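First comes the structure, then the notes that go with it.
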Amino acid sequence: MLIGKIVGTLVATQKDEKLRGLRFMVVKPVDTDGKPGSSYVVAADAVGAGVDEYVLYATGSSARQTVLTDKRPCDAVIMAIVDTWEIDGQEKYRKNA
Amino acid sequence: MLIGKIVGTLVATQKDEKLRGLRFMVVKPVDTDGKPGSSYVVAADAVGAGVDEYVLYATGSSARQTVLTDKRPCDAVIMAIVDTWEIDGQEKYRKNA
Amino acid sequence: MLIGKIVGTLVATQKDEKLRGLRFMVVKPVDTDGKPGSSYVVAADAVGAGVDEYVLYATGSSARQTVLTDKRPCDAVIMAIVDTWEIDGQEKYRKNA
Amino acid sequence: MLIGKIVGTLVATQKDEKLRGLRFMVVKPVDTDGKPGSSYVVAADAVGAGVDEYVLYATGSSARQTVLTDKRPCDAVIMAIVDTWEIDGQEKYRKNA
Amino acid sequence: MLIGKIVGTLVATQKDEKLRGLRFMVVKPVDTDGKPGSSYVVAADAVGAGVDEYVLYATGSSARQTVLTDKRPCDAVIMAIVDTWEIDGQEKYRKNA
């Protein structure tokens, strides 16, 4: 998994029927300091995350293992909202309560 | 998934029998501003998309989860036509009605 | 999938028993103009392709979905011989009849 | 698989239900000399590894093949703690007993 | 698949139970001239290969399709020892008999 920051949303009405009901978020992977780079991925949201939140996302076939994405043509899923992470004993991020 | 722009088409008559009936499109992934780079992928079309359209495509095993691509040797599929996306609250693209 | 040009062949007699009977080709992915780069992949041939031909190849688990590669430890397969492709309405390649 | 060094931990309480009970570690892949680069991955821990340990981790669908990660939306797993590795006959790392 | 040269070995005793009995080799992918780069992968050995040998290895889910690696959390496997390969009609490598 990678840590990502949700930077936007995407809407698509004409789509494969197995995609109905999924919400698509634009997620930028961040480095261990939380800084987003230039790359991005469009991920289905399995946890009710919102723009600007730091999330954990999985890609590939594992993205179909949430209840929401089971057997859907979806290769990236947000499966957790990050509370905090630390590197070398130093807290790098903590979600506001 | 990634956002891509369809830039071309590909025809192949001599192919594995499981590929019969699939349409192949040449898709360039775009950045969050909609600008295509130099890389590309050849994807099967599951939604009736056309050249110059912005689409969402999935790769890997998830590309076999559409009705059209089920159990076929296909590792990239166009599974949605994009209506609009926004980044940091700003609309970056909207499909002409 | 990617478009590739077959540039060579590989022979391996000491191999996992599930690989028996597969032909291995060295394939270089090409750009949309048909120019090969420096990277390559060794792919199983599912369509009777030959050296110098332009082909379509799939990677990952999709490479096991041809009749020939089913349940084999094979992560790249040539599943079509390309007839023609075009980009922005311009024909970039056409196979000699 | 790649060799990685565990550099941190990540906590996420709001997550897909299938992730409950997994511990997430931040792992940096290392080169063959054991030096970590700038990239990282968040991996589930299947072996009770701790920060600063050198581990072996798998990604993609193989990350769901441990007892701990079976059928979970998890695309990276720590599945071994490294004792030692050698390159060109030279020992590059040995875990302290 | 890629052609790789085995450059070392790795030992890990504390590991997921499904990994018992697998031998881990450090493999460097080589270019079409047989020259190894700086990247590497740790692969399970399914064919009894040894250090300095040129091998074919598969990654991802296909790495679990050998008899030896079936249903194990293993994302890279050596599944053949290379006898010879040629590029543009020129032999680039031949294993000593």
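Brief remarks on what is shown
- Selection count, the stretch D:3-19, where residues are among the hydroxyl-bearing types (Ser, Thr, Tyr) and either within 14 Å of residue D:43 (Cα to Cα) or more than 7 Å from chain A (Cβ to nearest Cβ) (or both): 1
- Residue check for residue D:35: out of contact with any strand residue (DSSP E or B) (no Cβ under 8 Å at 6 or more places or on another chain) and either at the interface with chain A (Cβ under 7 Å from one of its Cβ atoms) or closer than 30 Å to residue E:5 by Cβ (or both): yes
- Scanning the stretch C:80-96 for residues that are touching a residue at least 40 places away in the same chain (Cβ under 8 Å) and either surrounded by fewer than 16 Cβ atoms within 10 Å (Cβ to Cβ) or of a type in the set (Ser, Thr, Tyr) (or both) gives C:93, C:95.
- Summed over the stretch D:1-31, residues that are within 17 Å of residue A:4 (Cα to Cα) and not polar (S, T, N, Q) total 11.
- Residues located in the stretch D:51-67, provided they are within 10 Å of the chain's Cα centre (by Cα) and part of a loop (DSSP other than H, G, I, E, B): D:53
- Only residues that are assigned to a strand (DSSP E or B), closer than 18 Å to residue C:11 by Cα and touching a Leu at 6+ places or on another chain (Cβ under 7 Å) were counted in the stretch E:1-37, giving 2.
- The listed residue being modelled with pLDDT of 95 or more, in contact with a helix residue (DSSP H, G or I) (Cβ under 7 Å, 6 or more places away or on another chain) and within 14 Å of chain E (Cβ to nearest Cβ), out of D:80, D:49, D:43: D:80
- Filter result for residue B:22 (touching a Cys at 6+ places or on another chain (Cβ under 8 Å), more than 9 Å from chain C (Cβ to nearest Cβ) and among the aliphatic types (A, V, I, L, M)): yes
- Residues within the stretch E:60-79 that are out of contact with any Phe, Trp or Tyr (no Cβ under 6 Å at 6 or more places or on another chain), in contact (Cβ under 8 Å) with a residue 40 or more places away in the chain and closer than 27 Å to residue C:51 by Cβ, tallied: 1
- Scanning the stretch A:26-45 turns up no residue that is buried (at least 23 other Cβ atoms within 10 Å of the Cβ), farther than 25 Å from residue B:49 by Cβ and not acidic (Asp, Glu).
The values are calculated or read from the model by the stated rules, or taken from the named source; none is laboratory data. From a predicted model like this one, the values you see are computed outputs, not experimental measurements. No Cβ is skipped: glycine too gets one built from the backbone with ideal geometry, and neighbour counts run over all protein chains shown.
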